[in-house]
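Input: a single structure, listed below in structure tokens.
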Amino acid sequence: MTDATAVQPSRTAMLAAVARGVHRLYDAPPRVFDDPHALALVGSDWQSLYAMVTGLLPENVVRQAIGLIVARSRYAEDHIADGLFTQYVIVGAGLDSFAWRRPDALRATRLFEVDQPATQEWKRERAASLALPNHESHVSVAADLEQATLAEALDRAGFDRAQPTLFSWLGVTIYLNTSAIEATLRTVAACASGSQIVMSYSPTDDFVDPIGQTLRNALGPVATAAGESYETLMTPDDTVDLVRRCGLVIDDHPTRDDLHDRYFRARSDGLTAPTSERLITARVPATT
Ligand SMILES: C[S@@+](CC[C@H](N)C(=O)[O-])C[C@H]1O[C@@H](n2cnc3c(N)ncnc32)[C@H](O)[C@@H]1O
């Protein structure tokens, strides 16, 4: 992370939204994840961003990059389907459009979107220019998680630690230092029992296959040029240890093959998830 992200909106957030958008635009239904607002939120730049990615990467790698983004978003939102949570915190929300896709959910769930101020400001302007409505349950929480903890940021925003909460934290840990990662997990662990976090992390290179490595190597310089350098890769074992040490219980830690079986098995369009990012679901245990 450099000063650039303090003043300009996140480029990696735009790239993730482009992936969700082109999945909707070009891939045959059924969609793994359906985001009708993604490309509109990015604006007309989406075409040059997509051209940049397709120019950098072979087709099979692009397909896995798109697969990664739609699988992780789907995985997170599958956890809200049963309506157990009264708060939903999206940490490093980027251009997530849950607020506009699921106004029904906002009737019973407060949504907190945490991100760098410049990204949030830009997103608010884009949403206003698209006439996307403001909902009173949709709260923006400006924070740099390397400067303030998630707990400090949420405390300022009216978050209630006693309420069952789902946290989603997708595509962010790679851009944070280990103290910020640990502080975020400890914030979650201090919430009401039954609260959950769905997070992704980027495994060290020895756990990444050649396609995942090509993706990581090609997008690293793009992220660095945008002031969003890779900071933290973690082995799966170290990640599991960290999550547990912070006081959480792991419910799910799917491999790439597991994700393929869940979301892509019936497809023949090359869409699958790469090995360059893993997902974990963990929960706050019941107090004894
Ligand atoms: C790759 S994007 C992912 C966005 C979104 N979660 C998604 O899946 O589309 C990474 C996001 O993390 C945010 N981020 C990175 N470092 C951060 C920090 N130190 N504090 C707060 N947000 C941060 C960026 O601004 C960006 O929105």
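Each value in this text was obtained by applying a stated rule to the coordinates, not by laboratory testing. Please read all numbers here as calculations on a predicted model, not as lab measurements. Glycine gets a Cβ as well: all are built from the backbone with ideal geometry, and neighbour counts include every protein chain shown.
If you take the square roots of the eigenvalues of the alpha-carbon gyration tensor of region 162-201 and sort them as a ≥ b ≥ c, do you get rounded (a/c under 1.5), prolate (a/b over b/c) or oblate?
oblate
Please state the relative contact order of region 143-201 as a whole percent: Cα pairs under 8 Å, 6+ residues apart?
Computed value for region 143-201: 48 percent relative contact order.
Which of the trypsin sites (Lys or Arg not before Pro) found in region 208-288 are loop residues per DSSP with 11 or fewer other Cβ atoms within 10 Å of their Cβ?
R265
Where is the GNM fluctuation largest for the chain (alpha-carbon springs, 10 angstrom cutoff): Q147, Q64, Q120?
Q147
Among R107, R101, which comes first, then next, by fewest other beta-carbon atoms within 10 Å?
R107, R101
Taking N as the number of residues in region 184-244, what is its Cα Rg relative to 2.2 N^0.38 Å?
My calculation over the Cα atoms of region 184-244 gives 1.39.
Over region 200-288, what lengths in whole Å, largest first, do the semi-axes of the equivalent ellipsoid take, defined as the square roots of 5 times the eigenvalues of the alpha-carbon gyration tensor?
In descending order the semi-axes read 26, 20, 11 Å.
Would you tally the net charge around R11, using a Cβ to Cβ cut-off of less than 11 Å, leaving R11 out, and scoring K and R as +1, D and E as -1?
-2
Averaging sequence separations of C-alpha pairs under 8 Å and six or more residues apart, then dividing by the length of the chain, give the relative contact order as a whole percent.
It comes to 23 percent, rounded to a whole number.
When you take every Cα atom in region 1-140, what is the radius of gyration, and what is Dmax, the widest Cα pair distance, in Å?
Considering region 1-140 through its Cα atoms, Rg and Dmax are 15.1, 44 Å.
Rounded, prolate or oblate, given the Cα gyration tensor of the chain, with a/c below 1.5 counting as rounded?
Note, shape of the chain comes out rounded.
From the square roots a ≥ b ≥ c of the eigenvalues of the alpha-carbon gyration tensor of region 76-163, which class results: rounded (a/c under 1.5), prolate (a/b over b/c), or oblate?
On the way: a/c = 1.78, a/b = 1.04, b/c = 1.71.
Taking the square roots of the gyration eigenvalues as a ≥ b ≥ c, region 76-163 is oblate.
Can you tell me the order of 233-241, 108-116 when each peptide is scored by its average per-residue count of other Cβ atoms within 10 angstrom, highest first? Mind dumping the intermediate values first?
Numbers: 233-241: 15.4, 108-116: 22.0.
By packing density, highest mean first, the sequence is 108-116, 233-241.
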